[in-house]
Amino acid sequence: MPTSHDLFARAQRFIPGGVDSPVRAYKSVGIEPRFVDHAEGAHVHDVDGNTYLDFVQSWGPMILGHGHPEVLEAVRTQLERGTTYGAPTELETEAAELVCAAFPSIEMVRFVSSGTEAVMSAIRLARGFTGRDKIIKFDGNYHGHSDAMLVAAGSGLLTLGIPSTPGVTEGTAGDTIVVPYNDLGAVEAVFAGNPDQIAALIVEPVAGNMGCVPPAEGFLAGLRALCDSHGALLIFDEVITGFRIAYGGAQERYGVTPDLTTLGKIIGGGFPVGAFGGRREIMDRLAPTGPVYQAGTLSGNPVAMAAGIATMKVLGRDGVYADLEEKGKLLAAGLKRAADEAGIPASGTQVGAMGTLFFTSGPVTDWKSAALSDTERYANYFRKMLERGIWLAPSQFECCFTSCALTHEDIENTVLAAEEVMGELAVESFRAPGGG
């Protein structure tokens, strides 16, 4: 059977960089990627015969764990009926009803095939609704790879050290204004300097693509007030936070209502999906009822809808989010304690079932403070944890996700592994030149 090394060499002949998404290349952690053979529950298994506890979860969607029986059954049932029709199905409406019930700000929703497509469409809709052109976004927030959103973006761009990207025109970039996350004063200044020009402000309500960075107290409410004062729409990008930090996402957790919301990941139960939704008067501007055009052949794909419906129904049961919250806190506290006891500078963040251990003395409140992290130390930490069977994101600037499938014993074992690793990192630091 071919090894991960063999498969990576083969992939590089036919796929740019050997991967279909840049962060999967593992360049920032200094090793070749592991190729996955299969997964179940809280574990992934690579082609080399190794088993890992999974804290990546396909970058967020697998909140129930891999191969949840109710999701698999829903998918099997739908596969026997067909994979796609290019026509409406009852599943789309059922999924839409569940999303609208979970997010009171969403009166109508449209499904698409990815988070990038959801954001791109929401931005177009905001411009069409307001008749304005400019968009405000935040440094280090990632909203997919559409042109207007690749200005000072997070995720793979931060991981690979790419400040911007060729192929985005100056005109497109010029309509996107970037401000520091958690800085209301900077937002207010932009609105004041661009009167009646801002169509929308888009924000990850809890940043998840420069690592997990929570909003400062009053930040989201302040954005809501500024958008109201200046006639702009407030867009919450809840592709990561939606159904993860609460059933109704960040807007439920923090009590702030956006005009538009983008969703993805969890609502597809492991299949490609995205969605955007909001107030009826805004959504009615979409074709065919309105003039703002958006379309997609596989939008509302019945297999993804079936998986998403099953996932949302399981997540809606009593006690699910209390359990996820407890696990998230236990993991975050344990990893931070391991670093502290070893004398390794670290700052931990956690919101619900997502968090990050930053290798910096912290605190981390925006991209400027996140960027102070010791990425070489993170790479060493990542490799050592992988050797101990812990599958983390191959980047300092991504989240660690907990799932329903993880047990308390799994978390305890992860913390024990971290304690060993932190001890080794401390010894290596002492031995390094200038380390004492």
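Over the Cα atoms of segment 273-328, what is the Rg over Rh ratio if Rh follows Kirkwood? Write out the running numbers ahead of the final one.
Numbers: Rg = 16.3 Å, Rh = 14.2 Å.
Rg divided by Rh gives 1.15.
If you filter segment 245-299 for chymotrypsin sites (Phe, Trp or Tyr not before Pro), then keep DSSP loop positions with at most 13 other Cβ within 10 Å, what is left? Show your work: numbers first, answer last.
Details: sites: 247, 254, 276, 293; in loops: 247, 293.
Qualifying residues, ordered by number: 293.
Based on the Cβ-Cβ distance from residue 76 to residue 101, what FRET efficiency comes out when R0 is 25 Å, to the nearest 0.05? Walk me through the intermediate numbers first.
Numbers: r = 26 Å, r/R0 = 1.03.
With a Förster radius of 25 Å, E is 0.45.
Take each complete run of DSSP H in the chain, measure how far its Cα atoms stretch along the helix's own axis, and keep only those covering 30 Å or more with mean Kyte-Doolittle hydropathy at least -0.5; list them. It would help to have the intermediate numbers written out before the result.
Details: long enough: 320-342 (34 Å, -0.24); 408-431 (35 Å, -0.12).
Helices meeting the span and hydropathy rule in the chain are 320-342, 408-431.
For residue 114, list long-range residues whose amide hydrogen, built 1.01 Å from N in the peptide plane, is under 5 Å from its own amide hydrogen.
Sorted by chain and number, the residues that satisfy this are 274.
Using each residue's phi in segment 355-367, evaluate 6.51 cos²θ - 1.76 cosθ + 1.60 at θ = phi - 60° and report the 3J(HN,Hα) Karplus result to the nearest Hz, with x for Gly and Pro.
x, 8, 9, 8, 8, 8, 6, x, x, 9, 10, 7, 5
Mind telling me which of 144, 65, 343 comes out most flexible in a GNM of the chain, alpha-carbon contacts under 10 Å?
Ranking 144, 65, 343 by mean-square fluctuation puts 343 first.
I want to make sure I understand the PRE zone here: with the label point 7 angstrom from the Cα of residue 15 toward its beta carbon, which residues in segment 260-302 have backbone N atoms less than 19 Å away?
270-273
Only loop residues by DSSP count here, and only those with at most 13 other Cβ atoms within 10 Å; note down the GluC sites (Glu not before Pro) in segment 57-87 that meet that.
On the way: sites: 70, 73, 80; in loops: 80.
Sites meeting the loop and neighbour criteria: 80.
Using a 1.4 Å probe over the heavy atoms of the protein chains, calculate the carbon and sulfur portion of the accessible area of segment 207-266 as a whole percent. Show your work: numbers first, answer last.
Values: 770 of 1540 Å².
Carbon and sulfur: 50 percent of the exposed surface of segment 207-266.
Grab the Cα-Cα distance for residue 289 and residue 326, subtract it from 0.36 nm times how many residues apart they are, and report the gain in nm with one decimal.
Numbers: separation 37, 0.36 × 37 = 13.32 nm, distance 4.47 nm.
The span from residue 289 to residue 326 would gain 8.9 nm if fully extended.
Rg/Rh for segment 312-436 to two decimals, with Rh computed the Kirkwood way over all alpha-carbon pairs. Could you put the intermediate results ahead of the total?
Numbers: Rg = 15.2 Å, Rh = 15.2 Å.
That ratio is 1.00, to two decimals.
Mind listing the phi-derived Karplus ³J(HN,Hα) values for segment 281-287, rounded to whole Hz, using 6.51, -1.76 and 1.60 with θ = phi - 60°, and x for any glycine or proline?
Values per residue, Gly and Pro as x: 5, 7, 5, 5, 6, 6, 5 Hz.
Between segment 286-301 and segment 337-413, what is the separation of their alpha carbon centroids in Å?
40 Å
Can you list residues whose amide H is under 5 Å from residue 136's amide H, if they're 5+ apart or on another chain and H is modeled 1.01 Å from N?
So residue 136 has HN proximity to 177, 200, 201, 202.
For the ranges 398-406, 259-267, 9-17, 126-134, what's the packing order if you count other beta-carbon atoms within 10 Å of each residue, average per peptide, and put the highest first? Provide the component values of the computation, followed by the final result.
Numbers: 398-406: 25.6, 259-267: 27.9, 9-17: 11.9, 126-134: 18.3.
Per-residue Cβ counts within 10 Å, averaged per peptide and sorted highest first, yield 259-267, 398-406, 126-134, 9-17.
If amide H atoms are built 1.01 Å from N in the plane of the peptide, which residues on other chains or at least 5 residues away come under 5 Å of the amide H of residue 64?
Result for residue 64 returns 404.
Report D for segment 170-323 in µm² per second (integer): Stokes-Einstein, Kirkwood Rh on Cα pairs, 25 °C, 0.890 mPa s. Spell out each step's value before the answer.
Working: Rh = 17.1 Å.
Calculated translational D: 143 µm²/s.
What is the list of residues in segment 166-191 whose amide nitrogen lies under 16 Å from a point 7 angstrom out from the Cα of residue 229, following Cα to Cβ?
What the label zone holds, given the 16 Å backbone N cut-off, is 183-191.
From the phi angles alone, apply the Karplus equation (6.51, -1.76, 1.60; θ = phi - 60°) to segment 288-296 and give each ³J(HN,Hα) in whole Hz, x where the residue is Gly or Pro.
x, 7, x, x, 8, 8, 7, 8, x
Quick one: compute the contact order of segment 228-270, relative version, from alpha carbon pairs under 8 angstrom and 6+ residues apart, as a percent.
Values: 49 pairs, mean separation 20.0, N = 43.
Computed value for segment 228-270: 47 percent relative contact order.
Go ahead and run the numbers for FRET between residue 196 and residue 427, Cβ-Cβ distance against an R0 of 56 Å, rounding to 0.05. Intermediate values should be presented prior to the final figure.
Numbers: r = 60 Å, r/R0 = 1.07.
It comes out at approximately 0.40.
Could I have the simple spin-label model distance between residue 170 and residue 313, label points 7 Å from Cα toward Cβ, reported in nm to one decimal?
5.6 nm
Using only C-alpha positions, report the orientation-averaged shadow area of the convex hull of the chain, nm², one decimal.
Numbers: hull surface 86.4 nm².
Average projection, Cα convex hull of the chain: 21.6 nm².
How high is the relative contact order of segment 334-436, in percent, with contacts defined as C-alpha pairs under 8 Å that are six or more residues apart? Present the calculation step by step, with values, prior to reporting the outcome.
On the way: 115 pairs, mean separation 30.0, N = 103.
Here the relative contact order equals 29 percent.
The values are calculated or read from the model by the stated rules, or taken from the named source; none is laboratory data. What you see is a predicted model; the values in this text were computed from it and never measured. Please note: Cβ atoms are built from the backbone with ideal geometry, for glycine as well, and neighbour counts cover all protein chains shown. What goes into the accessible areas is simple: the full protein's heavy atoms, side chains included, and nothing from ligands, DNA or RNA. Shrake-Rupley method; radii C 1.70, N 1.55, O 1.52, S 1.80 Å.
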